[in-house]
Amino acid sequence: SQQGEEDPQALSIQEGENATMNCSYKTSINNLQWYRQNSGRGLVHLILIRSNEREKHSGRLRVTLDTSKKSSSLLITASRAADTASYFCATVASGGYQKVTFGTGTKLQVIP
Amino acid sequence: DGGITQSPKYLFRKEGQNVTLSCEQNLNHDAMYWYRQDPGQGLRLIYYSQIVNDFQKGDIAEGYSVSREKKESFPLTVTSAQKNPTAFYLCASSGYRGLSYEQYFGPGTRLTVT
């Protein structure tokens with residue numbers, strides 16, 4: 001099964017609203033990353049949060065990490081139609097190899 | 001410009017043929033990865049490599065093979081043993097630049113086998 005599971009699977013909001021996506025994982029991690037994918041394209045790295053960090057900001061993005069609950073959330077504030085994409089969380093396991101494991105993704109639609 | 005290139009963008013093959021997908025990076029990253037993505041699905045790890053001449057199976061390695069003879073290159077061969085090869089294939093690389101961790105994806109190769 002996937003290391004990361006995103007919730008919800010799909011989300012539809014009006015432009016200007018905030019969008020929140022959640023990710024849960026199962027094993028100890030070194031860091032957690034969020035990616036964006038436009039339809040049929042490669043993935044774009046958005047933000048990385050290390051296991052000893054609790055919150056990180058980048059522009060309109062805010063990521064939180066709760067290692068005790070093995071969960072993370074991605075908040076996109078003041079959404080725009082151009083934010084329409086699929087968003088994936090990915091985890092890098094603790095120790096040894098930098099194996100990156102992806103979740104199933106949240107499909108976000110921002111309606112103008 | 002630094003980055004990852006994958007070629008070709010679209011690839012069509014007949015069933016029973018092996019096919020090799022190219023992935024090249026000039027980011028000086030040690031680690032490279034191959035993922036498969038099916039429509040509406042997340043990414044599943046096929047193989048990954050931390051250093052030259054070493055690679056590890058991911059979650060769905062059956063029917064695939066890789067090599068890592070050079071740091072810059074990590075080609076993936078989809079063999080005739082892969083039961084459902086039609087998919088979107090993404091290559092990625094990762095590494096530290098100073099204290100910052102980077103991971104980049106290539107644009108992907110869409111493989112169709114008929």
- request: Consider B:LEU90 carefully, then state whether it is hydrophobic (A, V, I, L, M, F, W, C), assigned to a strand (DSSP E or B), over 10 Å from the mean Cα position of the chain (by Cα) and at pLDDT 90 or above.
  value: no
query: In this structure, does B:GLY42 turn out to be more than 19 Å from B:THR112 (Cα to Cα), open to solvent by less than 40 Å² (accessible area, probe 1.4 Å) and touching a strand residue (DSSP E or B) at 6+ places or on another chain (Cβ under 7 Å)?
result: no
- request: Take A:LYS107 and decide whether it is within 24 Å of B:GLN41 (Cβ to Cβ) and not hydroxyl-bearing (Ser, Thr, Tyr).
  value: yes
statement: Of the conditions (1) surrounded by fewer than 16 Cβ atoms within 10 Å (Cβ to Cβ); (2) away from chain A (no Cβ under 11 Å); (3) within 24 Å of A:ASN38 (Cα to Cα); (4) not β-branched (Val, Ile, Thr), the single one that B:ASN53 does not satisfy is (3)
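Might you check whether a residue that is open to solvent by 10 Å² or more (accessible area, probe 1.4 Å), within 15 Å of B:ALA31 (Cα to Cα) and of a type in the set (Gly, Ala, Ser) occurs anywhere in the range B:74-83?
Just the residues of the range B:74-83 that are open to solvent by 10 Å² or more (accessible area, probe 1.4 Å), to begin with: B:75, B:77, B:79-83.
So of that shortlist, the ones also within 15 Å of B:ALA31 (Cα to Cα) come out as B:75.
Restricting the remaining residues to those that are of a type in the set (Gly, Ala, Ser) gives none.
No, every residue in the range B:74-83 fails to be open to solvent by 10 Å² or more (accessible area, probe 1.4 Å), within 15 Å of B:ALA31 (Cα to Cα) and of a type in the set (Gly, Ala, Ser).
Would you point out which residue out of B:TYR89, B:TYR64 is under 16 Å from A:THR101 (Cα atoms) and of a type in the set (Ser, Thr, Tyr)?
On the way: B:TYR64 fails: under 16 Å from A:THR101 (Cα atoms).
Going through B:TYR89, B:TYR64 in turn, the sole match is B:TYR89.
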message: Scan the range B:94-103 and tell me whether some residue there is surrounded by 20 or more Cβ atoms within 10 Å (Cβ to Cβ) and in a loop (DSSP other than H, G, I, E, B).
response: no
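Given the criterion closer than 26 Å to B:ILE46 by Cβ and in contact (Cβ under 8 Å) with a residue 12 or more places away in the chain, identify the matching residue among A:SER72, A:SER79. Break it down stepwise before answering.
Numbers: A:SER79 fails: closer than 26 Å to B:ILE46 by Cβ.
The unique qualifying residue is A:SER72.
Do you know which of the residues in the range B:15-39 that are among the aromatic types (Phe, Trp, Tyr) and within 11 Å of chain A (Cβ to nearest Cβ) is surrounded by the most Cβ atoms within 10 Å (Cβ to Cβ)?
Step one: list which residues in the range B:15-39 are among the aromatic types (Phe, Trp, Tyr), which gives B:33-35.
Narrowing the set further to residues that are within 11 Å of chain A (Cβ to nearest Cβ) leaves B:33, B:35.
Details: B:TYR33: 24, B:TYR35: 27.
For the range B:15-39, the residue satisfying everything is B:TYR35.
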- prompt: Does any residue of the range A:100-112 turn out to be of a type in the set (S, T, N, Q), at pLDDT below 95 and open to solvent by less than 30 Å² (accessible area, probe 1.4 Å)?
  reply: yes
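One line per residue, one yes/no per condition, for (1) surrounded by 16 or more Cβ atoms within 10 Å (Cβ to Cβ); (2) among the polar types (S, T, N, Q):
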{"site": "A:ASP7", "(1), (2)": "no, no"}
{"site": "A:ASN31", "(1), (2)": "yes, yes"}
{"site": "A:GLY40", "(1), (2)": "no, no"}
{"site": "A:SER68", "(1), (2)": "no, yes"}
{"site": "A:ALA82", "(1), (2)": "no, no"}
{"site": "A:SER86", "(1), (2)": "yes, yes"}
field: Test: A:LEU46 is open to solvent by less than 70 Å² (accessible area, probe 1.4 Å), touching a residue at least 12 places away in the same chain (Cβ under 8 Å), under 22 Å from B:SER93 (Cα atoms) and under 14 Å from the mean Cα position of the chain (by Cα)
entry: yes
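The values are calculated or read from the model by the stated rules, or taken from the named source; none is laboratory data. Just so it is clear, the structure is predicted and the values come from calculations on it, not from any experiment. Ideal geometry is used to build each Cβ from the backbone, glycine not excepted, and the neighbour counts take in all protein chains shown. All accessible areas refer to the heavy atoms of the entire protein, side chains included, with ligands and DNA or RNA removed. Shrake-Rupley method; radii C 1.70, N 1.55, O 1.52, S 1.80 Å.
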